[in-house]
Amino acid sequence: MTTVREWQWPAAIVEQMADGLVEQGFYLAEDAVPHELCLALLAEVEHLNQVGEMRKAGIGRGDELQIQREIRRDKIKWLDGSSAAQQAYLQGMARLQSELNRALFLGLFEYEAHFALYQPGDFYKKHRDSFKGRANRILTTVLYLNPEWDSQWGGELVLFPDDESDTKVLAQYTPKIGRLAIFMSETVPHEVLPTQQARVSIAGWFRLNTSLGGQIDPAK
Ligand code: OGA
Ligand code: MN
C-alpha cells in the first residue's frame, strides 16, 4: 500500500490557473498533483476495474445505453473518499476551490469527481459539461494518471471554442500523469479522441450550491 501525504499546490500555479481561466477560459497545469498520489489513484482504478466496480457511464437521466455508447464509452466510478488517496486528492481540490474563490469570486460551493477508464477504442465525442440556465457546474477539472503516454496512442483531450460553428481547436492535451486541465464547464465544448491504450483520469466539477439552482442536478 502506497503511503499518501497531504500535498500543496506548486507555488504560483493557482494564480496561473486563475489568469488562464479569465483570459481564455481554460488552463493546463503540468505536475499539478504529485506523481506518487497519481500512482496511488491509478492503482485504485485498476483494482476497481478488476473487481467490476467501474461501470459504463451515462449521458443524462433516462437515455438508452445504446445511444450513450455512440457518444461516450468510458467506465466510471464516483469518488466517495473511501481511501487515503481519494481523501488526499479531494482535500487538495477543496483547497483549490477556496483559492479560486478568493482569486475569482466564483462562489464555488462543492466538488464532485469520478474516476474514468477509457479502454482501447473508447472515446467521448464533443460535448459540454453544463448548459446555460441549468448550470451549477462551473469549472471542469481533469487529472491524468497514466505514468507514460506515447503520442501515437491518441486519447487526447481536445478543447473547442464556445461558438459551435467554429471548429478550430483551442488546445489539445496528451493525458500525461500529473497534468490537470481546468476549463469553464459551460463555454468550452470538448472531446476525448479514441484511445489505443487504457487511459485513466479523474474528471471533476466545481459546482454552485445545488439548492440555489432550483433544478435537478444534471446526471453523471
Ligand atoms: C468528461 C470529460 C475528459 C477527459 O468526463 O466529461 O470530458 O480528458 N473527460 O477525460
Ligand atoms: Mn466533459
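The values are calculated or read from the model by the stated rules, or taken from the named source; none is laboratory data. Given the structure is predicted, the values throughout are model-derived calculations rather than measurements. Cβ coordinates were reconstructed from backbone atoms using ideal geometry, including for glycine residues, and neighbour counts include every protein chain displayed. Accessible surface is based on the protein model in full, side chains and every heavy atom, while ligands, DNA and RNA are left aside. Shrake-Rupley method; radii C 1.70, N 1.55, O 1.52, S 1.80 Å.
Which loop GluC sites (Glu not before Pro) in segment 74-169, with loop taken from DSSP, have no more than 11 other Cβ atoms within 10 angstrom of their Cβ? Those satisfying the criteria are GLU148, GLU164.
Farthest towards the positive end of the charge dipole of the chain, among the residues GLN87, ASN146, ALA171, is the Cα of GLN87, using unit charges on the Cβ of Lys, Arg, Asp and Glu. Solvent-accessible surface of segment 25-117, averaged per residue with a 1.4 angstrom probe and all protein chains in place: 49 square angstrom. Approximating the spin labels as points 7 Å out from Cα along Cα→Cβ, the GLN119-to-ALA94 distance works out to 3.5 nm. For segment 62-208, the carbon plus sulfur part of the accessible surface works out to 50%, probe radius 1.4 Å.
Taking other residues whose beta carbon is less than 12 angstrom from the beta carbon of GLN91, and scoring Lys, Arg as +1 and Asp, Glu as -1, yields +1.
Check every DSSP H run in the chain and write down those whose alpha carbon atoms cover 24 angstrom or more along the long axis and whose mean Kyte-Doolittle hydropathy is -1.0 or greater. Membrane-span-like by this criterion, though nothing is claimed about a membrane: 84-104. Answer rounded, prolate or oblate for the chain, using the Cα gyration tensor with square roots of eigenvalues a ≥ b ≥ c: rounded when a/c is under 1.5, else prolate when a/b is larger than b/c, else oblate. Cα axes put the chain in the rounded bin. Surface analysis of segment 124-175 yields an accessible area of 47 Å² per residue, using protein heavy atoms and a 1.4 Å probe. Each Lys or Arg adds one and each Asp or Glu subtracts one; over the other residues with Cβ under 12 Å from the Cβ of TRP149, this totals 0.
Taking a ≥ b ≥ c as the square roots of the eigenvalues of the alpha-carbon gyration tensor, segment 1-130 is classed oblate because a/c is 1.5 or more while a/b is no larger than b/c. If a/c stays under 1.5 just call it rounded; otherwise compare a/b with b/c (prolate if a/b is bigger, oblate if not). Do that for segment 133-180, with a ≥ b ≥ c from the square roots of the Cα gyration tensor eigenvalues. Since a/c reaches 1.5 but b/c is at least a/b, the shape of segment 133-180 is classed as oblate. Calculated FRET efficiency, ASP19 and ASP163, Cβ-Cβ r, R0 25 Å, to nearest 0.05? E between ASP19 and ASP163, to the nearest 0.05, is 0.65.
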